[in-house]
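Working notes, beginning with the structure itself.
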Amino acid sequence: MHRREGLAKLTGRERYVDDLPLDDFLWGMTVRSPVPRGRVTAVRFGADVDWSAFVIVDHRDIPGPNEVILIERDQPVLAAGYVRHVHEPVVLLGHRSREGLRRAVRAVEVVVAPEPPVLDFRVPPRPDQIQYGRDNVLKRLKIEKGDVERALAQAPVVVSGTYETGAQEHVYLETQGMIAWLEDQVLVVKGSMQCPYYVLSALKHALARDESRVRVIQTPTGGGFGGKEEYPSDIALHAALLALKAGRPVKIVYDRGEDMAATTKRHPSWVRHRTGLTRDGRLLAQDLEVVLDGGAYVTLSPVVLSRGIIHAAGPYSCDNVRIAGRVMFTNAVPFGAFRGFGAPQTLFACERHMDVIARTLEIDPVELRRINLLRDGQTTATGQVIRDGTDRVAVLERALELSDYRAKRRAHAAFNETHAAQRRGIGLAAFYHGAGFTGGGEVHLNSRVRVAGLADGRVEVLTANIEMGQGTLTVFTQIAAERLGFAPQDVAIAEADTGRVPNSGPTVASRTTMVVGRLIERACDDLRSRLEVDAAVRGASLRAAIVRWHREHAAERLVGDAVYERPPGISWDDANYRGDAYGAFAWATYVAEVEVDLATYSTRVTGFVAVQEVGKVLNETLARGQVQGGVVQGIGWALMEECKFRDGAMINNQLTNYLIPTSDDVPPIHVAFLENPYPHGAQGAKGLGELPIDGPAPAVLNAVAAATGADPRAVPLTPERLMAIADFGLRSAE
Amino acid sequence: MLRLPSFKYLQPKTLKEALAMKADAGPDGMYVAGGTDLYPNMKRRHQEPRTVISLMAIPELKRLEGWNVGTCVTLTELSNLPTFQHSYPAVAHAAALVSTPLLRNMGTLGGNLCLDTRCNYYDQTYEWRKAIDFCMKKDGHICWVAPSSPRCWAVSSSDVAPVAVAIGAEFLLVGPQGERVIPAGRFYHNDGINYLTKQPDEILVEVRLPAPDGWDAVYHKLRRRGSFDFPVLGVAAWVRREGGRVTDARIVLGGVASWPQEIPEAAAALRDGELGDDAIAAAAAAAYRPAKPLDNTDFDLSWRKQMTRVYVKAALEELRQRRG
């Protein structure tokens, strides 16, 4: 099936939040903190602006608690006398003309008495830098299995290493934007977002309004990648506060510079591995320390840390594992959700470390992985018994075969012998990604889905899950159509409007197809049971039954409902971080080929193979697109995407100096799927969205290591970084 | 989205009309060709003309006569011309390396030759620049690259300019006082603010290329990605050879100074010899010493300094191989 909204996007007819017609509205803009930390001593409004023409909102205009409610309540909607990061919102301005507003924003001075900020999460804070708890630790988590100390003491070999990753910007095509207005005492907020019910909950809390007086509607969303998971709550609150005070609609749309400087990014990480092994490479003990930079507020960092540490030991069997994780408070713009959610950071460390181990023990990196990959019946770090029937070694073998790995290694060795100025190499990463919310998360979400039978015999699927380019509309249509025997055009997907759709949870965590899709199937079944027909009634006869029902029940609604139920045999102990962390994992091996120019230290990725087992693939075009997009984003993170900060502010917040790969910078990406249907996912699907961002960085850096003999431990591996850690003997004397 | 300020847009049909319009508009008037440099700059309030005079409807600026090229020929047209690919491959190649296909479809030869100089402290939004209290190139007093410097160090970032200087092209300028023809090398100042010797009311009308009579040139461009980015270093190398011997040479670097930086020492190392490994190494070393990039573009400075030598060597090796 073709992408449902594809033609509208292709022809430019799709209307994003900034395209929506809006009568008699004001633009909204944000005045932000100029420094990373301090007491706000004054807010000065310049004399050369007629302020009577502006709506001005500060923290005193917030009707409810001044809190962006999420996991904690530490983040204010607008700073009240104290700022904890550069660009923290302090004052909101509304005005008719955008240009006038821009000038007005420049005319407001936020005066701050600066206090010493924390700007490096790796360095223990001084007493005068403590701003959260007793030690600036936002969250600590620990996984323990077996007896790591004893196993390390007895291990014939111990290999240690530390690994670092930098922040990454989402670069969704559509920047953050929101409009808000009052409609018969109901506050309506519309905009670009992944999680309408998160926004609803934030609005209810800070604006002290109950559900009947707030409505949140998602507009077509031009990319999210996690950047529109929690941040839209902030901008929605800002637009709503201005609209409530102005009594008129207000629109806030960030430009690229503001979006890049002031919104969330991927958490920077520091990971230390200490691994005990037999001489032939069998894992005996894995001791890990994982540290993330959380930024100035808690936001979603505890959950990012959770997913990070659960994936940190890799898809390997090891009886003794200890993973100690913490997220540090710093006076940086809060880091937040980004595709992969902590796993790309820890899997980079894990898979790079596997190659470091292989080099130390002088064994083949493929063999090292092959002997340690989880077999059915073995357990993960949290003690989850894996018994899904997937042959993880077969996934690895398929990737080797498609990349012609062995022959390439020989060819590269020959090439490197005969070429003075270039080195070729091939590297791999074996990894996994848990689908859906971690641990008890899905149970807490308690997601609900509704399928309504319409009077004309069609059905409408009602969920809060959204399309942001990844294909939700299309895949949901396919799932309902297949379950009911309908043609796609007889399935409508409801707009994600909290006034109409049930809370089926956020569009995050690779959960939409697997978890929500399964709920759609069950809601379809429930619809049939309301009609008192069995599963054999499909297509035209089912449509006829719906039409008949409506004739017999005039003015009544025909709906099928489904509520999340934990698959049988799954249990999670949140206090001790033990048990079944995810209902299902997707498994993958990625192989990257590179050519490194020894004179310029620059790396080109010349080939890429991505093999994954993701349960059943529901729409191969969309699935390939997800993988290719993730690989490109991963190559960018591995080689060029670098957020540069000065005094807590991103200084390269433009697309001319924060560089993402162009089509010229990525090779053809060979994508292959192995299928092992998951019984509790829609049509057997498992999650796919995040998996592809986990593998490229370690695969590419392993290939650089193989090509050059260098030992890179951090991304992005820019030419400058490679020059700093490697001397290829071609550098001339000064 | 950054938006353009409001301005008056004029479209003269002749050079004379254009000059008259500029005279009327005075210092608030500016010429524009493809607009791929000026309009983004206007959005960031780098240039703030009240009147913008488009040169794109003036037929003689689109003219191609022999080796004389009108400056409103687009970069796409220039890079696709078979005669150019054959006789001036370095010019065609440099044009083809500018930015992206979309911008080359709009951007012109003249626009690239007059490209505003660039700097990390300048190519920023108004708010960003305001936050650092601006710089001397626009609205401020200090150079943030070299705070004690009396001059602006913004960088010449044209791809075609170093080639034009290296091959010895001449530029035809038309102004209120009439015509003048100057060597490409004398079109530029080594000053980030006053980087052109062209008067604001003069129009760069035509580029006159030297006859392709036995010389050869190449252009190598350094940037982080395979597309899109401005040069962080450009190397234009030109040699004239008789037999196997180099009789004359010029090496011109882009991206290291406020003008296309000619390196006479590098050329001297090549003259009166063959393009052997030693001569190439000597020229590369000679280019490395005077090329003093500042820390105001992409890439770390230490790496960029190393790359001058690497790129000059690669450019000369390509020259040798092509006619070897």
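The values are calculated or read from the model by the stated rules, or taken from the named source; none is laboratory data. Just so it is clear, the structure is predicted and the values come from calculations on it, not from any experiment. Neighbour counts are summed over all protein chains in view; Cβ atoms, including those assigned to glycine, are modelled from backbone coordinates with ideal geometry. Protein only, heavy atoms only, side chains kept; ligands, DNA and RNA dropped before computing areas. Shrake-Rupley method; radii C 1.70, N 1.55, O 1.52, S 1.80 Å.
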Determine, yes or no, whether residue B:315 is closer than 21 Å to residue B:156 by Cα, part of a loop (DSSP other than H, G, I, E, B) and either without any contact (Cβ under 8 Å) to a residue 12 or more places away in the chain or more than 12 Å from every other protein chain (Cβ to nearest Cβ) (or both). no
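To keep it simple, each residue is scored yes or no on (1) more than 14 Å from chain B (Cβ to nearest Cβ); (2) more than 18 Å from residue A:31 (Cα to Cα); (3) in a strand (DSSP E or B).
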site	(1), (2), (3)
A:237	yes, no, no
A:242	yes, no, no
A:257	no, no, no
A:261	no, no, no
A:265	yes, yes, no
A:270	yes, yes, yes
A:274	yes, yes, yes
Can you find a residue that is open to solvent by 10 Å² or more (accessible area, probe 1.4 Å), within 30 Å of residue B:223 (Cβ to Cβ) and not basic (Lys, Arg) anywhere in the range A:560-577? no
Would it be correct to say that residue A:407 is among the small types (Gly, Ala, Ser) and either part of a helix (DSSP H, G or I) or free of Cβ contacts under 8 Å to residues at least 60 places away in the same chain (or both)? yes
Residues of the range A:218-238 being open to solvent by 10 Å² or more (accessible area, probe 1.4 Å) and more than 12 Å from the chain's Cα centre (by Cα), which ones? A:218, A:220, A:222, A:231, A:234
Over the range B:108-136, the set of residues assigned to a loop (DSSP other than H, G, I, E, B), away from every other protein chain (no Cβ under 14 Å) and buried (at least 24 other Cβ atoms within 10 Å of the Cβ) is B:117
How many residues of the range A:678-694 are closer than 26 Å to residue A:401 by Cβ and assigned to a helix (DSSP H, G or I)? The answer is 5
Unmet criterion (only one of (1) more than 14 Å from chain B (Cβ to nearest Cβ); (2) surrounded by 15 or more Cβ atoms within 10 Å (Cβ to Cβ); (3) not small (Gly, Ala, Ser)) for residue A:112: (1)
Apart from one, (1) more than 25 Å from residue A:583 (Cα to Cα); (2) open to solvent by 10 Å² or more (accessible area, probe 1.4 Å) all hold for residue A:672; the odd one out is (1)
Kindly indicate which of B:286, B:267 is within 14 Å of another protein chain (Cβ to nearest Cβ), without any contact (Cβ under 8 Å) to a residue 40 or more places away in the chain and buried (at least 21 other Cβ atoms within 10 Å of the Cβ). B:286
Considering every residue within the range A:48-58, establish whether at least one is modelled with pLDDT of 95 or more, in a strand (DSSP E or B) and either open to solvent by less than 40 Å² (accessible area, probe 1.4 Å) or closer than 23 Å to residue B:133 by Cβ (or both). yes
Of the residues B:227, B:302, which is among the small types (Gly, Ala, Ser), touching an Asp or Glu at 6+ places or on another chain (Cβ under 7 Å) and not assigned by TED's automatic domain parsing to the domain that holds residue B:187? B:227
I'm trying to understand the selection: among the residues of the range B:118-164, which are among the β-branched types (Val, Ile, Thr) and either within 24 Å of the chain's Cα centre (by Cα) or within 30 Å of residue B:315 (Cα to Cα) (or both)? B:125, B:145, B:155, B:160, B:163
Does at least one position in the range A:661-669 carry a residue that is over 25 Å from the mean Cα position of the chain (by Cα) and under 19 Å from residue A:602 (Cβ atoms)? yes
Note on the range B:21-36: residues open to solvent by 50 Å² or more (accessible area, probe 1.4 Å) and over 21 Å from residue B:73 (Cβ atoms) are B:23, B:24, B:27, B:28
Quick one: in the range A:24-47, of everything that is more than 14 Å from chain B (Cβ to nearest Cβ) and in a loop (DSSP other than H, G, I, E, B), which residue is nearest to the chain's Cα centre (by Cα)? A:37
Criterion first (under 27 Å from residue A:694 (Cβ atoms), away from chain B (no Cβ under 14 Å) and not hydroxyl-bearing (Ser, Thr, Tyr)) does residue A:220 satisfy it? no
Would you point out which residue out of A:583, A:629, A:634 is open to solvent by 30 Å² or more (accessible area, probe 1.4 Å), under 19 Å from residue A:173 (Cβ atoms), of a type in the set (Gly, Ala, Ser) and not assigned by TED's automatic domain parsing to the domain that holds residue A:85? A:629
Test residue A:700 against the criterion of being more than 14 Å from chain B (Cβ to nearest Cβ), in a helix (DSSP H, G or I) and either modelled with pLDDT of 95 or more or open to solvent by 10 Å² or more (accessible area, probe 1.4 Å) (or both), and give yes or no. yes
Could you look through the range A:703-715, keep only residues that are closer than 18 Å to residue A:270 by Cα and either buried (at least 23 other Cβ atoms within 10 Å of the Cβ) or over 27 Å from the mean Cα position of the chain (by Cα) (or both), and pick out the one that is farthest from the other protein chains (Cβ to nearest Cβ)? A:711
Selection from the range A:117-150 of residues that are crowded, with 17+ Cβ neighbours inside 10 Å and outside any loop (DSSP other than H, G, I, E, B): A:129, A:138, A:139, A:141, A:143, A:144, A:145, A:148
Filter the range A:474-511 for residues that are of a type in the set (Lys, Arg) and open to solvent by 10 Å² or more (accessible area, probe 1.4 Å); the one that is nearest to residue A:9 (Cα to Cα) is A:500
Would you mind listing the strands (runs of 3 or more DSSP E) fully within the range B:215-305 where at least 3 residues are farther than 17 Å from residue B:163 by Cβ? B:245-254
Of these, B:174, B:256, B:246, B:207, which one is closer than 28 Å to residue A:640 by Cβ and more than 14 Å from every other protein chain (Cβ to nearest Cβ)? B:256
Please go through the range B:6-31 and give me each residue that is free of Cβ contacts under 8 Å to residues at least 40 places away in the same chain and either closer than 17 Å to residue B:108 by Cβ or hydroxyl-bearing (Ser, Thr, Tyr) (or both), ordered by number. B:6
Of the residues in the range A:427-485, those that are assigned to a helix (DSSP H, G or I) and touching a strand residue (DSSP E or B) at 6+ places or on another chain (Cβ under 7 Å) come to A:473, A:476, A:477, A:480, A:481, A:484
Which condition breaks for residue A:450 when tested against (1) outside the structural domain of residue A:503 (by TED's automatic domain parsing); (2) over 26 Å from residue A:597 (Cα atoms)? (1)
